[in-house]
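Participant: My questions all concern the structure below.
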Amino acid sequence: MKKIIAILSAVLLSLSVAQAKGFEFTHKGQTLKYKVTGENEMSLSFQIETLSGDVEIPSEVIFKQKKYKVTSIGWQAFSGCKNLQSVVIPNSVTSIGSYAFGGCENLQSVTIPNSVEIIGSSAFSGCKNLENIDVAPDNKFYSSIDGVLFNKSGDTLVVHPGGKKSCVVPNSVKVICSSAFADNKSLESVTIPNSVEIIGNGAFSGCENLQSVVIPNSVTSIGEFAFSWCKNLQSVVIPNSVTSIGEYAFKGCENLKNVVIPNSVTSIGRRAFSHCSNLQSVIVSNSVTEIESGTFWGCKNLQSVVIPNSVTRIGWRTFSDCENLKSVVIPNSVKIIGGEAFSGCKNLKSVVIPNSVTSIGEDAFRVCENLQSVVIPNSVEIIGLRAFSGCTNLKNVTVEARTPPTIGDLLWEDSIQTIYVPAESVEKYKTAEGWKWYADKIKAIK
């Protein structure tokens, strides 16, 4: 009995391993990889990148002398198959996974059969020669208009083929789906109608040749990564209807020069404009209460920024590596200056820290090489590690607090000459933890 159980266990283990790893099945001379997903169901699994030519996916495969129905094309199944030219999807398939055909550069056309109910995000991203996505007329979930994939009701644009250079979005559309135009390197122009309310995450991400876009005043939110890495995007109009700009929304838009953020915007996600190398000026509306982490990180040509009185927190690395930012006025609404907020701003010569600030984060002004003087108001309670390290031209600092703030190590460079503090607190500073290392430089405010 034990021997029978052992044999049965070995067989089941062998089967489960084979199922997990997948297996190959040849149909009409084409060998593809599959994986068991249910009692009688199979999914197309990850194919080798050298797969090329025309592929016909069978509706059934045989594994261990048993027939299985092919019901899905798995996540990244054909991803990176640059020489795949056409694919026939059988009427047994109900779902196409995310990135299923991602990077299939030579895929020219595809027909979605009646059976398909779900198409994952970025399923056809990077298919730069894909001209048309056709849908079988009896499909209950999707439709196509001029080769563009929509949901059945036509109010959601799902996928715009990568081979098309321009797009006029129909005025029936309310939602542009996540990754709808992602990595469409051919797209040069797009017209978005007033019907559109939502631009989804990564909707136009990687559209390198898109030069300008007008967002209609029907749009209320711009999703995460929506226009990220649109390297030739030079202008964008954000209307007063928009209330939120998602994380990384315009990251890597190297040629974007000017942005006006309207009063309607209450939320700007982290790194929303990071690495826009030609962005020169920014006006933040007075509805914004917090500038998130890394929002303008790496905007090397940013020269001026207007921060309104509504902002209470400047997040981590908000203006980090903005090498040409020369001056900034922090409004008296700000309570927290986050870690590395202005680190690497090599040309920053002056900064006014208002009496509302209670905390200056670690490395907040690190390597601000041209910063010459700083006044730290009496509201500041904490100054983080290395907050002013690398500020080689910073000679004099005034600290207005009567009680020495808590400070981290390596706060100043050796180049610091004088630290001015209230006359009645000189001895307190000279003996306070951290401050005592600068005892010979501490003097009374004149």
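The values are calculated or read from the model by the stated rules, or taken from the named source; none is laboratory data. It should be emphasised that the depicted structure is a prediction, and the values quoted were computed from it without experimental measurement. Here Cβ is always computed from backbone atoms with ideal geometry, including for glycine, and neighbour counts include all displayed protein chains. All accessible areas refer to the heavy atoms of the entire protein, side chains included, with ligands and DNA or RNA removed. Shrake-Rupley method; radii C 1.70, N 1.55, O 1.52, S 1.80 Å.
Participant: Can we say Ile353 is more than 23 Å from Ile245 (Cβ to Cβ) and open to solvent by less than 20 Å² (accessible area, probe 1.4 Å)?
Facilitator: Yes; evaluated as a whole, the condition is true for this residue.
Let's see how each residue does on (1) aromatic (Phe, Trp, Tyr); (2) more than 22 Å from Ala364 (Cα to Cα); (3) modelled with pLDDT of 90 or more:
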{"site": "Val236", "(1), (2), (3)": "no, yes, no"}
{"site": "Val259", "(1), (2), (3)": "no, yes, no"}
{"site": "His275", "(1), (2), (3)": "no, no, no"}
{"site": "Thr289", "(1), (2), (3)": "no, no, no"}
{"site": "Ile314", "(1), (2), (3)": "no, no, yes"}
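Participant: Go through region 317-326 and give me each residue that's more than 15 Å from Ser274 (Cβ to Cβ) and open to solvent by less than 60 Å² (accessible area, probe 1.4 Å).
Facilitator: Result: Asn324, single match.
Participant: If only one of Asp138, Asp183, Asp134 is over 23 Å from Ser241 (Cβ atoms), charged (D, E, K, R) and under 25 Å from the mean Cα position of the chain (by Cα), which one is it?
Facilitator: Exactly one residue qualifies, and that residue is Asp183.
Results for (1) out of contact with any His (no Cβ under 7 Å at 6 or more places or on another chain); (2) surrounded by 16 or more Cβ atoms within 10 Å (Cβ to Cβ); (3) assigned to a loop (DSSP other than H, G, I, E, B), shown as yes or no for each residue.
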residue: Asn217; (1), (2), (3): yes, no, yes
residue: Ala226; (1), (2), (3): yes, yes, yes
residue: Trp229; (1), (2), (3): yes, yes, yes
residue: Leu233; (1), (2), (3): yes, yes, yes
residue: Ser241; (1), (2), (3): yes, yes, yes
residue: Lys251; (1), (2), (3): no, yes, yes
residue: Asn255; (1), (2), (3): yes, no, yes
residue: Val259; (1), (2), (3): yes, yes, no
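Participant: Which condition number does Ser333 fail, the rest of (1) in contact (Cβ under 8 Å) with a residue 24 or more places away in the chain; (2) closer than 20 Å to Trp297 by Cα being met?
Facilitator: Status for Ser333: all satisfied but (2).
Participant: Within region 162-192, count every residue that is open to solvent by less than 20 Å² (accessible area, probe 1.4 Å) and assigned to a loop (DSSP other than H, G, I, E, B).
Facilitator: The qualifying residues number 10.
Participant: Can you go through Ser264, Ser205 and tell me which one is without any contact (Cβ under 8 Å) to a residue 60 or more places away in the chain, buried (at least 23 other Cβ atoms within 10 Å of the Cβ), assigned to a loop (DSSP other than H, G, I, E, B) and hydroxyl-bearing (Ser, Thr, Tyr)?
Facilitator: Ser205
Participant: If you don't mind, there's one more thing I want to ask. Hey, can you tell me all the residues within region 39-78 that are more than 35 Å from the chain's Cα centre (by Cα) and under 14 Å from Ser95 (Cβ atoms)?
Facilitator: Hits for region 39-78 are Glu41, Lys69.
Here's the yes/no breakdown for (1) open to solvent by less than 10 Å² (accessible area, probe 1.4 Å); (2) of a type outside the set (Gly, Ala, Ser):
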{"residue": "Ala341", "(1), (2)": "yes, no"}
{"residue": "Val357", "(1), (2)": "yes, yes"}
{"residue": "Asn378", "(1), (2)": "no, yes"}
{"residue": "Ser389", "(1), (2)": "no, no"}
{"residue": "Asn393", "(1), (2)": "no, yes"}
{"residue": "Ile416", "(1), (2)": "yes, yes"}
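Participant: Taking Leu130 and the conditions (1) modelled with pLDDT of 95 or more; (2) under 30 Å from Ile176 (Cβ atoms); (3) assigned to a loop (DSSP other than H, G, I, E, B), which numbered condition does it fall short on, given that it satisfies the others?
Facilitator: Checking Leu130 against (1) modelled with pLDDT of 95 or more; (2) under 30 Å from Ile176 (Cβ atoms); (3) assigned to a loop (DSSP other than H, G, I, E, B), the one that fails is (1).
Participant: Checking Tyr438 against (1) open to solvent by less than 70 Å² (accessible area, probe 1.4 Å); (2) assigned to a loop (DSSP other than H, G, I, E, B): exactly one of these is not met. Which one?
Facilitator: It fails just one condition, (2).
Participant: Test Gly344 against the stated conditions and say whether it is free of Cβ contacts under 8 Å to residues at least 40 places away in the same chain and closer than 25 Å to Val305 by Cβ.
Facilitator: yes
Participant: Take Asn301 and tell me if it is open to solvent by 10 Å² or more (accessible area, probe 1.4 Å), in contact (Cβ under 8 Å) with a residue 12 or more places away in the chain, assigned to a loop (DSSP other than H, G, I, E, B) and more than 24 Å from Gly408 (Cα to Cα).
Facilitator: Criteria met by Asn301.
Participant: Report, by residue number, each residue of region 416-432 that is touching a residue at least 24 places away in the same chain (Cβ under 8 Å) and not in a helix (DSSP H, G or I).
Facilitator: Residues satisfying the conditions are Ile416, Gln417, Thr418, Ile419, Tyr420, Val421, Ala432.
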